[in-house]
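One structure is given below, encoded as structure tokens.
The values are calculated or read from the model by the stated rules, or taken from the named source; none is laboratory data. These numbers come from a predicted model, not from an experiment. Reconstructed Cβ throughout: ideal geometry from the backbone, glycine too, with neighbour counts over all protein chains shown.
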Amino acid sequence: MTVSDSSNTSELLSLLQQGFRSLIKVITDLRLAIILLLVIALFSVSGTVIEQGQSLQFYQENYPTYPALFGFITWKFILILGLNHVYSTWWFLSLLILFGTSLTACTFTRQIPALKAARHWKLYQQSRQFQKLVLSAELDTGSPTSLLPLLQKRGYKVFQENQALYARKGIIGRIGPIIVHAGILIILAGGIWGTLTGFLAQEMVASGETFQVRNILESGPLAAPQIPKDWAVKVNRFWIDYTPNGEIDQFYSDLSVINEQGEELDRKTIYVNQPLRYRGVTFYQTDWGIAGVRVQINNSPIFQLPMAQLNTNGRGRLWGTWIPTKTDLSEGVSLIARDLQGTMVVYDNQGNLVGAVRSGMAIPINGVNLKILELVGSTGLQIKADPGVPIVYAGFALLMAGVVMSYVSHSQIWALQEGERFYIGGKTNRAQVSFERELIAIVEELKSEKSARVVETV
């Protein structure tokens, strides 16, 4: 290698080092961390306000092009930016990673060096060093020996060498910010891991049916192992409790987890805010419907017909079906129901009201006796797996512990005896007034000891 090549290499390395130092300086800048946190909070709020994971039709109906919400928020705007699934978009995950990188860099370049500096103690050997302390006093009484028990009584750890003394307490307050940063980083890691490995699904299952999770709405690229394959769920029964005035009080689903051989592995009756959890998958009770109706015509075998939800343009929920009254399907009636306990109404082919009927009742029509045995309810389940939740909870616990630790004041006191003069001073990083009162109390105790000695001599 020539001298010129060596010089060029050195210059390149120097430029790279300067660039790296500049990058670290930008990343560790507190202003960048605050900006990133505000941006993350802003988009998190948007993910709460804008409904997540809905269909294209939903966004087209609720966020039309004209008139646009606030003049620019339309369904196209939402879909292009991914605001319909904010928390799993590449740019939101990138913001989390960048924020985590900034916190990590700040921890290693600022917080940890500050902790190391706080652990190292240094004695003041000259009286002029006390002049730089905000709180200091020059006394004609006292000594390191007399000061030592006063400090120990107040929880200080004391270091003494000859006529100089250093004491500190609350070093845990310096550890607190590091714990806070670690908690935030764990929360971010848990959120990212949950996004990559979790999934969200919805199922509408009729009472008595068995199902496996199929209707996946959202899933991360690593979510496949979380989706149940070797076990299924059976809806043993679905029912609704009503209030005396006919309003829905609560709806319930009796669920059983079964394996491939049909053996029951777990069982629980779920309702709103009381889900079933099994192998990291949670089944929430979120909706209900009418899946079908069981009918009998004259003395025919009992058969079940499906019921579909009707479009009422937002004026309540109705389900309907068509029941043939002849074997060649040339005639039939329409059955309309609004819930699982109320009255059902029957219409003929011309749309004329024939009558009303309740479960277990029969009605004559088209020359036959039509008996409505029962309505079959269906349960609406939201199914979610988020492996990042335990990590997030652990991060929050660590974060809370770090916040509490951060409130502990890191207080330091120096003392020096030079001849007949005794110098004492100190500083703290918070609770300045309390520390000032404590230091004044220590000085007063030192003065009182001198007064006691004078009285004793007299």
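Odds and ends about this structure:
- Pairs where the first residue, in the range 21-36, is of a type outside the set (D, E) and the second is at pLDDT below 80 and part of a helix (DSSP H, G or I), C-beta under 7 Å, 6+ apart: L32/V26
- Evaluated against (1) of a type in the set (V, I, T); (2) at pLDDT 90 or above; (3) within 30 Å of L373 (Cβ to Cβ), T282 falls short on exactly one condition, (3).
- The requirement of being aliphatic (A, V, I, L, M) and modelled with pLDDT under 90 is satisfied by A224.
- Taking the range 118-132 as the range and being in contact with a helix residue (DSSP H, G or I) (Cβ under 9 Å, 6 or more places away or on another chain) and within 26 Å of A182 (Cα to Cα) as the test, the residues that pass are A118, R119.
- Scanning the range 251-288 for residues that are among the charged types (D, E, K, R) and on the phi > 0 side of the Ramachandran plot returns a single hit, R279.
- Condition check for S44: of a type in the set (S, T, Y), at pLDDT below 80 and exposed (fewer than 15 other Cβ atoms within 10 Å of the Cβ): no
- All positions within the range 375-408 that are under 27 Å from Y278 (Cα atoms) and in a helix (DSSP H, G or I): V389, P390, I391, V392, Y393, A394, G395, F396, A397, L398
- Here D287, D328, D249 are screened, and the one residue that is within 30 Å of the chain's Cα centre (by Cα), without any contact (Cβ under 8 Å) to a residue 24 or more places away in the chain and either surrounded by fewer than 17 Cβ atoms within 10 Å (Cβ to Cβ) or not in a strand (DSSP E or B) (or both) is D249.
- Filter result for W239 (buried (at least 16 other Cβ atoms within 10 Å of the Cβ), hydrophobic (A, V, I, L, M, F, W, C), out of contact with any His (no Cβ under 7 Å at 6 or more places or on another chain) and over 17 Å from G342 (Cβ atoms)): no
- In the range 107-126 there is no residue that is on the phi > 0 side of the Ramachandran plot, surrounded by fewer than 17 Cβ atoms within 10 Å (Cβ to Cβ) and at pLDDT 85 or above.
- For the range 145-162, the set of residues classified as assigned to a loop (DSSP other than H, G, I, E, B) and exposed (fewer than 13 other Cβ atoms within 10 Å of the Cβ) consists of G155, N162, listed by residue number.
- Test result for L165, outside any loop (DSSP other than H, G, I, E, B) and either of a type in the set (D, E) or more than 30 Å from L96 (Cβ to Cβ) (or both): yes
- Tallying residues that are without any contact (Cβ under 8 Å) to a residue 40 or more places away in the chain and surrounded by 15 or more Cβ atoms within 10 Å (Cβ to Cβ) within the range 356-381 yields 4.
- Some residue of the range 120-135 being under 28 Å from L32 (Cα atoms) and touching a residue at least 24 places away in the same chain (Cβ under 8 Å): no
- Residue count for the range 54-72 under the criterion of being out of contact with any Asp or Glu (no Cβ under 8 Å at 6 or more places or on another chain) and more than 10 Å from N84 (Cβ to Cβ): the result is 12.
- The condition (being outside the structural domain of G53 (by TED's automatic domain parsing), surrounded by fewer than 21 Cβ atoms within 10 Å (Cβ to Cβ), at pLDDT 90 or above and among the polar types (S, T, N, Q)) is satisfied by just one residue among S451, S434: S434.
- Residue count for the range 93-126 under the criterion of being farther than 21 Å from G194 by Cβ and either part of a helix (DSSP H, G or I) or among the hydrophobic types (A, V, I, L, M, F, W, C) (or both): the result is 18.
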